[in-house]
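The values are calculated or read from the model by the stated rules, or taken from the named source; none is laboratory data. No experiment lies behind these values; they were computed from the predicted model shown. Heads up, the Cβs are rebuilt from the backbone with ideal geometry, glycines too, and the neighbour counts pull from every protein chain shown. All accessible areas refer to the heavy atoms of the entire protein, side chains included, with ligands and DNA or RNA removed. Shrake-Rupley method; radii C 1.70, N 1.55, O 1.52, S 1.80 Å.
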Amino acid sequence: MTVDMDIAGIGGDVAAALDTITRQLHAAGVDSARLDARLLVGAATGESTAGLIARPERFLSPAEAARLSDMVARRCAREPMAHILGTREFWSLDFAVSASVLTPRPDSETLVDAAVAHLPDRQAPLRILDLGTGSGCLLLALLHEFPAATGTGIDISPEAVALARCNAESLGLGARCGFAVGDWTAPLAGRFDAVVSNPPYIAAGDIAALAPEVARYEPRGALDGGADGLDAYRALLPRTAEILAPGGTAFFEMGAGQDAEIVSLARSAGLETVQMRADITGIPRVAILRHIETRCRFF
C-alpha cells in the first residue's frame, strides 16, 4: 500500500505533517491515529514528543520526509507500530522487537506482577525458566526485579532467541541468563524455582478475525494454540510439573475464558492452581501453579 503524501506540499512543518498523517492513519482504520502520528514524526526526526509540541513550526528535511513517508505507508498497511519503530516498552524497560517475536503487551505485565507478588524474597537466588521466550520480555523483566536470580529462555525460533540475547545484553542482564533454541523443555536439565510462559493460546480458527496488526504481522507460531487454543498447555503442563523445583511456582498466561480448562489440565499434570490473576480489565489472565503435593504438606 502506498501513501500519497508530499510534506513540502503542505508546508513541510511538523504541525501540518501531524495533521496529514493523522487523517491518513484514521482513514486506514488506525484507532490511535494521532498518537501514532506523533510517534512516527518523532522517529523520523529524532525529536521527543515534548520537542515536537514545543516546535510545531519546525521544518522537516527531505531525508526526514522520505523516512516519514515510508513509515506512514507501513502503518497505513496496519503493520504494528512496534515493528516500524523497532522497540516496545514493557515493564518500563525498552525491548527490541521484530516480526520474529510476539510484540510485548500490557496483558503480559500481569504475569510479571503476579510473579513479583508470589515470590516475595527479592534477593533470593532463584532459577527462572521462560518457555517460549520470544523477545525475552518476561524473563528479563523478572531478572530486573530479582537481582540475585538467574534465568533461561527457550524458544523454537532461532531469530527469537537471537533477539532475546540482544535484549539481555542491552539491558545489562546478559551475564545472568542464557537462551537456547528448543521445542519447549527439550534442551533443559535440572529444576527451576519459577517457570513462566506466555504460550500460543488463540484458537486457530479465530486468528483471521484478530486485528490486522496481529493476524497479518505477528508470528503465527506465537498465536496458534490449535483447534481450541489449548494445545501448548497440554504439552507444557506435564513437563512443567517435572522441572518445577519442590516449593516452586509456575505462572502461565492464558486467553479469556480459558481459566477452567487450564485448572483442569494443570490438575491432571499434578499441579494445583493456587490463584488466578486478573488483568486490568478483570479477565483472568495468569494461572499461578504449584505442585499439588507441596501444598498438601501444610495440612
Notebook entry, point to check: What single numbered condition from (1) touching a residue at least 24 places away in the same chain (Cβ under 8 Å); (2) in a helix (DSSP H, G or I); (3) open to solvent by 70 Å² or more (accessible area, probe 1.4 Å) fails to hold for LEU35?
Noted result: (1)
Next item on the list: Report, ordered by the first and then the second residue, all pairs with beta carbons closer than 6 Å, sequence separation of six or more or different chains, a first member in the stretch 204-228 that is under 26 Å from LEU25 (Cβ atoms), and a second member that is among the β-branched types (Val, Ile, Thr) and modelled with pLDDT of 95 or more.
Entry: ALA215/ILE207; LEU223/ILE202; LEU223/ILE207
Check: Given ILE283, ILE288, which one is among the hydrophobic types (A, V, I, L, M, F, W, C), surrounded by fewer than 19 Cβ atoms within 10 Å (Cβ to Cβ) and under 18 Å from SER108 (Cβ atoms)?
Finding: ILE283
Check: Out of all the residues in the stretch 250-272, which are small (Gly, Ala, Ser), open to solvent by 40 Å² or more (accessible area, probe 1.4 Å) and more than 22 Å from the chain's Cα centre (by Cα)?
Finding: ALA260, SER264, SER268
Check: Which condition breaks for THR281 when tested against (1) assigned to a loop (DSSP other than H, G, I, E, B); (2) at pLDDT 95 or above; (3) among the hydroxyl-bearing types (Ser, Thr, Tyr)?
Finding: (2)
Next item on the list: Go through (1) within 20 Å of the chain's Cα centre (by Cα); (2) in contact (Cβ under 8 Å) with a residue 60 or more places away in the chain; (3) open to solvent by 50 Å² or more (accessible area, probe 1.4 Å) and name the single condition GLN275 misses.
Entry: (1)
Note to self: Whether any residue in the stretch 152-164 is touching a residue at least 24 places away in the same chain (Cβ under 8 Å), touching a Lys or Arg at 6+ places or on another chain (Cβ under 9 Å) and open to solvent by 10 Å² or more (accessible area, probe 1.4 Å) is what I want to check.
What the structure shows: yes
Next item on the list: Identify all residues within the stretch 17-32 that are among the aliphatic types (A, V, I, L, M) and part of a loop (DSSP other than H, G, I, E, B); write none if there are none.
Entry: ALA28, VAL30
Checklist line | Members of the stretch 166-190 that are among the charged types (D, E, K, R) and surrounded by 17 or more Cβ atoms within 10 Å (Cβ to Cβ) | finding: ARG176
Item checked: Subset of the stretch 191-204 (residues that are under 15 Å from GLU242 (Cβ atoms) and either part of a helix (DSSP H, G or I) or open to solvent by 30 Å² or more (accessible area, probe 1.4 Å) (or both)) -> ARG191, ASP193
